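Structure first, commentary second.
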Amino acid sequence: MITRAEGAYLGAVRAFQNPMLDLLHKKHAPLVVSLLSVTFTAERPTVPVADAHTEIGDALDQLRAAGYEESLPTGTARDLCRQWADAGWLIRQVLDDDVEVYRLSAHAVGALEVAGRAGGARARVSQSRVRTLLDAVEQLAQDADPDVMVRMARLDGQIARLQAELDRVQRTGTVDEVDDEELLEEAENVLHLVRELPADFARVAESIKAMQRDVVTALRQDERPTGDVLREYLERGEHVMESTSEGRAFAGALRLIGDPQRLDELANQLDVVLRHRFTRRLAVQQRTELREIVRRIEQGLDQVFTAQREASYVITAQVRNHDPLRDRQVDVLLRDVMAGMQSWLPDTRRFQSVDPLLRLPVAEVEHLRQTAGDLRPPEAPAPLPDWDDDDVDASGDDARAWGGPHYSELATHLAQFADGADEVDVAAAFAAAPDALRRPVDLLGVLEIAHARGMTETDRVAFVDAVRPDGTRRRLAFGAVSTTTKDDDA
């Protein structure tokens, strides 16, 4: 049986395994907190990898020049960033424009907030803080109590208090002024609450990325059909805000702050606060934090929505390019490479050169066949049948019947059909021609003649029946045209 002291100790051990507390109790925690806080700000939540290495390297040089050499860790800025990424404090990702950036993890954001609160003004037990607690407990009791009569009595009490306040203001025409000290306490309480938001938004975004990694891993492992994995992802994506505790909390907050009108009202309320005289007693940083509340909320919302879009994009790309056979081949190749590295590294020295592979190995074949097989067929081919030249149609009438248009006969038929008129309807003339001149190819021929002589187009659609040499018929449609009966040379 675990004793009370042992249970408390095990719980503390688990808590300190969290990357946030791990960061804060490290030997160089002050350096990590200071460098991360000056590199990543609310205005710049992501920093290109090269810029981060340069800025952190410059900061290290400045600290060494100021005499803090002994308290600084060894290694370059690139090495430190790699260590912080391995510890879970930095997240490395590639943006849509193929720029690789760093951003703070939720653990790092929480650690910076804890360090900032501990190094700043101490939280005081104030009227504002107590009222916030009482309001939260009252709201919790209201949501937990299903008794209709109790809810009605509570609402009647609220209405009575508000009506009494309204009557007093209408009667006196004045509003009771609140003491500046109390307003200052309320502002500090607001700032205390706001400082928790960045870490909360970061945790929601990381929970979405964790879901993305689970789906991609399931697709790559190929243990289940792709359709089942995608069906599960679509269900989780549809209810992404209900699939994790962070998502459920964010969905509830989104109903309050996701409305643009609510954010506009919040901005107007903050303007009223900042115009009050008590804000002169606030530090410049505190006034800036009050002024940036709306923007920090918008940045947090954008961070979560961006994580959702990236998750959908990554999973869609994985499904589109997923090749189970190729993925298995790549996995086998990587395992072979890792096994080779593990067997090679123990016997090597630092900076030892590696002999490159200049050419691929040659296959060792014991014997190749040197003679070709007998290409002669096993028996002679059958003799060609006798050709009787007398059976061939010497006149070639059948071949000509399937040939091109009869231009001269068609021109003569147009002239005869016109019977002296200056224009003739091509469809009517073709329909009146004998079967030998009503082949489909002859329709093209008569249209060529009409185009050469000059034709007039109409809005009608003409239909004609063409007759093939074998007697089959085909109904054709074309734009009705008329043409002159005289050649252009005439």
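Some observations on this one:
- Restricting the stretch 163-183 to residues that are of a type in the set (A, V, I, L, M) and at pLDDT below 85, the residue that is surrounded by the most Cβ atoms within 10 Å (Cβ to Cβ): Leu183
- Exactly one residue out of Gly300, Gly247, Gly252 is assigned to a helix (DSSP H, G or I), small (Gly, Ala, Ser), closer than 22 Å to Thr41 by Cα and modelled with pLDDT under 80, and it is Gly300.
- Checked against the criterion of being part of a helix (DSSP H, G or I) and under 30 Å from Glu206 (Cβ atoms), the candidates Gln286, Gln329, Gln342, Gln269 yield just one match: Gln286.
- Single unsatisfied condition, Arg275 versus (1) modelled with pLDDT of 80 or more; (2) over 30 Å from Leu191 (Cα atoms): (2)
- Selection of first residues in the stretch 303-315 that are in the same structural domain as Ala210 (by TED's automatic domain parsing) and of second residues that are of a type in the set (Val, Ile, Thr), restricted to Cβ pairs under 6 Å at least 6 apart or on distinct chains, gives the following pairs, ordered by first then second residue: Val304/Val204; Ala307/Ile208; Gln308/Ile208; Ala311/Ile208; Ile315/Val215.
- Residue satisfying all of: in the stretch 171-198; in a helix (DSSP H, G or I) and of a type in the set (Val, Ile, Thr); nearest to Arg281 (Cα to Cα) among these: Val190
- Scanning the stretch 449-480 for residues that are more than 19 Å from Trp402 (Cβ to Cβ) and not in a strand (DSSP E or B) returns Ile449, Ala450, His451, Ala452, Arg453, Gly454.
- Some residue of the stretch 66-83 being at pLDDT below 85, surrounded by 13 or more Cβ atoms within 10 Å (Cβ to Cβ) and touching a Lys or Arg at 6+ places or on another chain (Cβ under 9 Å): yes
- Checked against the criterion of being modelled with pLDDT of 90 or more, assigned to a loop (DSSP other than H, G, I, E, B), assigned by TED's automatic domain parsing to the domain that holds Ser408 and more than 60 Å from the chain's Cα centre (by Cα), the candidates Ala433, Ala421 yield just one match: Ala433.
- From the options Ala401, Ala363, Ala339, residue that is of a type in the set (Gly, Ala, Ser) and over 60 Å from the mean Cα position of the chain (by Cα): Ala401
- Residue match in the stretch 150-170 (condition: polar (S, T, N, Q), over 45 Å from the mean Cα position of the chain (by Cα) and not in a helix (DSSP H, G or I)): no
The values are calculated or read from the model by the stated rules, or taken from the named source; none is laboratory data. Since the model is a prediction, treat every value here as computed from it, not as a measurement. Reconstructed Cβ throughout: ideal geometry from the backbone, glycine too, with neighbour counts over all protein chains shown.
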